[in-house]
Amino acid sequence: MEHYSRRSMLKLGGTAMAASTLAGRIAAHGASQPGAQVLTPAGYGDVTLLDGPMLAQFQAQHKTLLAMDEDALLKPFRVAAGLPAPGEDLGGWYNASPHFNPPADMHGFIPGHSFGQYVSGLARAYAITGDRATGQKVHRLVAAFAPTITTHFYDGYPLPAYTFDKINIGLIDAQAFAGDRTALRVLNRATDAALPHLPEKALSRHEMAARPHPNMAYTWDESYTLPENLYLAWRRGAGERYRALAARFLLDREYFDPLAAGENVLPGKHAYSHVNAFSSAMQAYLVEGSAKHLRAAKNGFDFVLAQSFATGGWGPNEGFVVPGSGALGDSLNTTHASFETPCGSYGHFKAARYLMSVTGDSRYGDSMERVLYNTVLGALPMKADGTAFYYADYNVSGSKVYFEYKCPCCSGTLGQIVADYGISSYLTDRRGVFVNLYAPSELRWQLSGRTVTLRQTTSYPLAPDIDIAVGTATPETFSVSLRIPAWAGQGTTVAVNHRRVDAPVVPGRFLEIRRTWRDGDRITLVMDMPVRLEAVDDKHPDSLAVMQGPLALFAVGDRFLPFTRRHLSAIRQAAAQSSEWRVSTSDGEQVFKPYFAVNGEATRLYQPVSA
């Protein structure tokens, strides 16, 4: 059993990709020009999730968003505007509180902060399902929000940029995905109200702390995340000022400039918001053609991957650590706040999808897969009263619990990321389709004005087999490119209509299958998913996570046995498609589960080994 570190796995992915036929295709098409996007994610309405855990999670969150009380969602804005505000408070961080006293009492931290994200999640769900009640709720919320808009909402408000950013995405998604023709007019009014309270430029948290402030919450605003959604507002027709505002709030001097130069400035910075800022850098590349911002996002994402946990999560205690310090491993004994799961996953998926779209590099898909199966798919479901899951816990004695306050920051991102599962699963270029995530789903794709479908049937990653059926009314010539993960073993096989493909199956790159397809043709991908052990960091080589395929396996139960490397390497799945793995030692048997199967048990991600 070879022992892999996170760094060695990253090298493997990067080396394999260097030889990728896709990289040659990109160069041949001249797609390295500034602003070029070589792959296009599928649209929300182009993908249907089929029975499986991703669909179940999407449906549960969609149901929750529909059940959330509209008066409660609007109450902070109505109160601030002096309008009648019926109904109960959501409470927690969502409604103003006279007791707010950070960090001792966080009630009333950011009134109304996640409203825009809830609207966004509903709008995306409408684009996927076409559900009339969902679309109507989006329109009602936008219409009821409009009369509440006033500059006074942000008087004495600690995080105006943070909340305005979410209002922005909610309104532009309402327009783009739910057909609300009033949303951009409402956005312009909301922008006018927020602008007097925004800084003159993007400010780092260090710069915010240097300014006079009533309490520490006023030092936590995130103006440097604004450009992504401002650029998107401009691209969706909101007006030229949004492009100018986006450029104004790019955090270049302290963040993007050094990242572009290869300097790792992440240590000590707030984790989620600075990963989220990579998406602003990518929009600067796509809109302005700024190669500097593309370099910054690529380098920054690599720095994040190099200090990620085996799950793909990062940022213990919401901060990045100093590389080589051993702080990642130390955190296993000092905190239960290991990864801000819904928002961190959302930010990670966005940045990775942008980078894959521009570079065609399959390792970004590998990172999305890790984060999917080991973090967000295992998030406890949000409740209509604002009860939400926040931190994944990788402590040596961990657990999965709801956050102590209702509506914690970015709680609306869960609705956004589960709606994004489909657009993250498939991407296209002029030659064909790229299958990025393996999950029960169906893609409908327009080729020369005719509809082609790809239908995935699989229990992956609990089973190694993925079956993809092609549907087409007439024979069509195009490519289907399959992401072969960097961890895939030599026994990974691909067949079309039960005949092995001639092209070599190389881990860490896309495998292109180009042919004339006929209705009923079938692709069968069988993953070789070897067991491997990953150390938490170089300073803790004897603290190992057990991996099989994309899954990080958590020891569960009321006790944790001592292990050797040999014990962990001999882990076996309890039965075909089972969500339990077992390790036998002279002290007994230990059950392991993937994160999405953990339900109330004590957990341990990293196992201390003796030899």
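Values as computed for the structure displayed
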read-out	value
Within segment 475-501, considering residues that are part of a loop (DSSP other than H, G, I, E, B) and in contact (Cβ under 8 Å) with a residue 40 or more places away in the chain, the one surrounded by the fewest Cβ atoms within 10 Å (Cβ to Cβ)	Pro475
Some residue of segment 251-259 being closer than 23 Å to Gln416 by Cβ and out of contact with any strand residue (DSSP E or B) (no Cβ under 8 Å at 6 or more places or on another chain)	yes
Residue among Ala277, Ala291, Ala260 that is among the small types (Gly, Ala, Ser) and crowded, with 24+ Cβ neighbours inside 10 Å	Ala277
Residue check for Pro323: assigned to a loop (DSSP other than H, G, I, E, B) and over 30 Å from Asp71 (Cα atoms)	yes
Pairs with Cβ under 9 Å, 6+ apart, first in segment 154-177 and under 16 Å from Met208 (Cβ atoms) and in contact (Cβ under 8 Å) with a residue 60 or more places away in the chain, second of a type in the set (Phe, Trp, Tyr) and buried (at least 22 other Cβ atoms within 10 Å of the Cβ)	Pro158/Phe109; Leu159/Phe109; Pro160/Phe153; Ala161/Tyr224; Ala161/Phe249
Members of segment 105-125 found to be in a loop (DSSP other than H, G, I, E, B), of a type in the set (A, V, I, L, M) and touching a helix residue (DSSP H, G or I) at 6+ places or on another chain (Cβ under 7 Å), listed by number	Ile110
Filter result (assigned to a loop (DSSP other than H, G, I, E, B) and over 26 Å from Glu442 (Cα atoms)) within segment 126-165	Ile149, Thr150, Asp155, Gly156, Tyr157, Pro158, Leu159
Residue that is surrounded by the fewest Cβ atoms within 10 Å (Cβ to Cβ) [pool: residues in segment 88-140 that are polar (S, T, N, Q) and under 17 Å from Ala388 (Cβ atoms)]	Asn95
Meets criteria (aliphatic (A, V, I, L, M) and in a loop (DSSP other than H, G, I, E, B)) for Leu462	yes
Hits in segment 216-260 - residues which are aliphatic (A, V, I, L, M) and more than 23 Å from the chain's Cα centre (by Cα)	Met216, Ala217, Ala238, Ala244, Leu245, Ala247
Flag for Asp537 being surrounded by 21 or more Cβ atoms within 10 Å (Cβ to Cβ), in a loop (DSSP other than H, G, I, E, B) and not polar (S, T, N, Q)	yes
Any hit, segment 456-467, residues being acidic (Asp, Glu), surrounded by 17 or more Cβ atoms within 10 Å (Cβ to Cβ) and modelled with pLDDT of 95 or more	no
Hits in segment 133-148 - residues which are touching a residue at least 40 places away in the same chain (Cβ under 8 Å) and polar (S, T, N, Q)	Thr134, Thr148
Single condition Glu263 does not satisfy, out of (1) modelled with pLDDT under 95; (2) in a loop (DSSP other than H, G, I, E, B)	(1)
Single residue of Asp71, Asp89 found to be in a loop (DSSP other than H, G, I, E, B) and at pLDDT 95 or above	Asp89
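Residues are listed down the side, and each one gets a yes or a no for (1) outside the structural domain of Ala535 (by TED's automatic domain parsing); (2) modelled with pLDDT under 95; (3) in a loop (DSSP other than H, G, I, E, B); (4) under 10 Å from the mean Cα position of the chain (by Cα):
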residue	(1), (2), (3), (4)
Ala352	yes, no, no, yes
Leu355	yes, no, no, no
Val358	yes, no, no, no
Asn395	yes, no, yes, no
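Here is a yes/no grid of residues against (1) of a type outside the set (Asp, Glu); (2) buried (at least 20 other Cβ atoms within 10 Å of the Cβ):
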position	(1), (2)
His152	yes, no
Asp165	no, yes
Ala183	yes, yes
Ala217	yes, no
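The values are calculated or read from the model by the stated rules, or taken from the named source; none is laboratory data. Please read all numbers here as calculations on a predicted model, not as lab measurements. Please note: Cβ atoms are built from the backbone with ideal geometry, for glycine as well, and neighbour counts cover all protein chains shown.
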